[in-house]
Amino acid sequence: MWAVSDESLLAGLGTGDPEAVAGFIRRFQRRVYGLALSIVGDAVLAEDIAQETFARAWRHAQAYDPRRGPVAAWLLSICRNLSIDTVRPQRAEPTAPDAILAMQIPAAGVEPSDAAVRADDAARLREAIVLLPEEQRRSIVLAAFYGRTAREISEADGIPLGTAKTRIRTAMIKLRAAMTKEREEALLKDQEIE
C-alpha cells in the first residue's frame, strides 16, 4: 500500500475503499495532527481537527486538482484553515480604538532609560493615531493591535476589500511620516539644548 501514490490514495479515500482510507490516514496523520497541534496548542482539540480534516478530505476528494499542488499541501491547507477557524473565535473582540490608545502597557525587563524612550515613542504614536480620520484609525487598530486581516476588516465594516487595504496602508504611511517628523524635531531640540 505504501508504494501507492498520494493521488491514488486520495481517489480511493473518495470512493470509500477501506484499504485506501487506512493508507491515506496512516500516511498523513502525523503531519495533520502536528500542524493542528502547532496552531491550536491543545492535544484533544488537535485530534478533533485532524479527524475533521480527514472527513473533509473524504467529502471533497473529487475537488482535488493536481495542477494546483500536491495532495499533502491540499490536505494540510484544509487542516490549517480548520485550525485557524477553531482559534479565531477565541481572539479578543475589538474595542474602541480610543480605549486601546489610552492603555499604558508596561514592558517587563526593560531598563528605565529604554522604558522612557519607549514610553515617549508610544505617546507620540498614540497622538498620531488619534489624528487619523476615524475609518483609518479603526482599520489600523484592528490590523495592528488585533491582528485582523484586510479581508476580516472589510467584512466587519461592510466595505470592499480594496477600501480596507487602502485605509490600512494610508494610515501606516501617515503614522510613519508623523513618527519620523516627531523624531527629527526631537533630535533638533536636543541639539539646540547642547
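The values are calculated or read from the model by the stated rules, or taken from the named source; none is laboratory data. What you are looking at is a predicted structure, and each value in this text was computed from that prediction instead of being measured. Every residue, glycine as well, gets a Cβ built from its backbone with ideal geometry; the counts of neighbours run over all protein chains shown.
A few remarks follow.
- Cβ-Cβ contacts under 8 Å between residues 6 or more apart (or on different chains), taken from a first residue in the stretch 153-174 that is at positive phi to a second residue that is among the hydroxyl-bearing types (Ser, Thr, Tyr), are absent.
- Looking at the stretch 11-112, the helices (runs of 4 or more DSSP H) lying wholly inside it that each contain 3 or more residues that are at negative phi and modelled with pLDDT of 90 or more sit at 18-40, 43-59, 71-87.
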